[in-house]
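Dropping a structure here in structure tokens format, bear with me for questions.
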Amino acid sequence: MKALILTGGAGRNLVPFSSTRPKAMTVVGGGSLMQRTLTHLREAGVTDVAVTLGQHGDKLRGAFGDGQDLGLKMTYIEQDRAHGIADAILGARHRFNPGESFILVYGDVVTSANLFPQALQSFNSFKGPIACVCLPGPPTGRYGNVYLSGTRITQIVEKPTAADLGNYVLAGVFVLPADTFALVEQCGGDMERLFERLTGPPGLHASIWEGGWIDVEYPWDILAANRMVMDTWEEARISRGATVEGNVTFSGPVCIESGSVIKAGATLAGPCYIGRNCYVGNNVLIRSYSSLGHGSTIGYGVELKNCVLFGNSKVGRLSFVGDSVIGENVDLGSGTMTINESLDQRAVAVDVRGELMDSGLLKLGAFMGDDVKVGAGNTLPAGTVLPPGTHVPHHATVGIPTRASAGGREPADGAR
């Protein structure tokens, strides 16, 4: 059986990270969502994968190529315009043979374990199309809601209002027959009509997933997904290619990849992840649920708490980064502080597409896109969002002397 993974959505709510990558290339637990999905498909015996690409799709294609490194055969379909899920499905029609069933996967969902074997088992048991459903955390209005009679799906509301809210939601994985492409076309690309047709005779059955599930839609969802993935880790894993100096303290499931250096006096509390070729300086404290992407450099005396660094970033000495997500190639100057709570103990609000949105979280720091530079001595308020390429000057309490401030005198020869 083949798989079709949809990754062409613009991900406007996931700014600043979706500004420079597809949502499926968001990093949690030391790897991208896409890498995790592909690994799970291969483990389930699905090795022929088609991927729809949209904005920044070249980054995804560049990361995985033809899929051989993962034991897969991967092909790509360019989605010229982001016209929704139905348009993406129809664009991939030519990649599937007549009469061939396939797995449809939304590229921005994360599960705590591999749900594909269960989905395929359900498909074989019911001898017909299935949709994976699950019980999410609130708010359920963010997702397509599902109504069941036994295992039979009786109704799907793709964009529910308060009156339509049910318990189960679509988990973003379907096993569908080949005539689904014709159904999409007959429904004029309308997903609501398609769901109505699928729930009619002969019927659409539910494969109920009881494990963890997160749809990564907002920046703080990255932290939740990272935590969910790391909570499944049971033991430490330290590469023989890593260098760990004396007087380093470990606790819990700590993962350190090859080429990384952990200097004396560092403390690492698992679960946490140190990617390839990282440098963790003397007396650094890395607290639980912190993930350092490859090539990260952490300076002397830094404290990291519940944060995700995508990779190739630097955190200057004596900084604190907590409950935050840092993109690639970010440079934080010495003494950078991320405030991660409000003084009135209310949930932290975050600017999403120009409007303040309640995150529902009492602890939340900053979100920094790729190539951000923050000068030394800066303090970032809770919920700060820095778009890619932002430069924040050093915070200096004394101005730089100029000729005017020195009375216009030229410096002495010896001072030049």
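The values are calculated or read from the model by the stated rules, or taken from the named source; none is laboratory data. Small disclaimer: the values here were computed from a predicted structure and weren't measured. So basically every Cβ, Gly included, is an ideal-geometry build from the backbone, and we count neighbours across all protein chains shown. Ligands, DNA and RNA are excluded from the accessible area calculation, which covers all protein heavy atoms including side chains. Shrake-Rupley method; radii C 1.70, N 1.55, O 1.52, S 1.80 Å.
Is any residue of the range 293-330 close enough, with backbone N under 20 Å, to a label point placed 7 angstrom from the Cα of Asn247 along the Cα-Cβ axis, and if so, which?
298-304, 317-319
Based on DSSP H runs of at least 4 residues, each adding -39500 (n - 2.57), what is the mean residue ellipticity at 222 nm of the chain after dividing by all its residues, to the nearest 500 deg cm²/dmol?
-4500 deg cm²/dmol
Relative contact order, percent, of the chain when contacts are C-alpha pairs under 8 Å separated by at least 6 residues?
11 percent.
May I have the extent of the alpha carbons of the chain along their three principal axes, as whole Å values ordered from largest to smallest?
Computed over the Cα atoms, the extents are 90, 47, 41 Å.
Also: In percent, how large is the relative contact order of the range 299-374, given Cα pairs closer than 8 Å and 6 or more residues apart?
30
Which value, in Å² rounded to 10, gives the accessible area of Tyr168 with a 1.4 Å probe and all protein chains present?
So the heavy atoms of Tyr168 present about 60 Å² to solvent.
At a Förster distance of 45 Å, what's the computed FRET efficiency of Asp48 paired with Leu148, Cβ-Cβ distance as r, to 0.05?
About 0.90, to the nearest 0.05.
Something else now. Would you mind telling me the antiparallel percentage of the DSSP bridges in the chain, rounded to 5?
Antiparallel bridges: around 30 percent, rounded to the nearest 5.
Just name one of Tyr279, Phe174, Gly150: the one whose Cα is farthest towards the positive end of the charge dipole of the chain (beta-carbon charges, Lys/Arg +1, Asp/Glu -1).
Toward the positive end, the furthest listed residue is Tyr279.
Now a separate question. Given +1 on the Cβ of Lys and Arg, -1 on the Cβ of Asp and Glu, and no further charges, what dipole in debye does the chain carry about its Cα centre, rounded to the nearest 20?
In total the dipole reaches around 640 debye.
Please work out how much length the chain gains when fully extended from Arg193 to Glu355, using 0.36 nm per residue of separation minus the C-alpha to C-alpha distance, in nm with one decimal.
55.1 nm
Now, a different point. Collect residues whose amide H, placed 1.01 Å from N in the peptide plane, falls under 5 Å from the amide H of Thr154; neighbours closer than 5 in sequence don't count.
Tyr147, Leu148, Ser149
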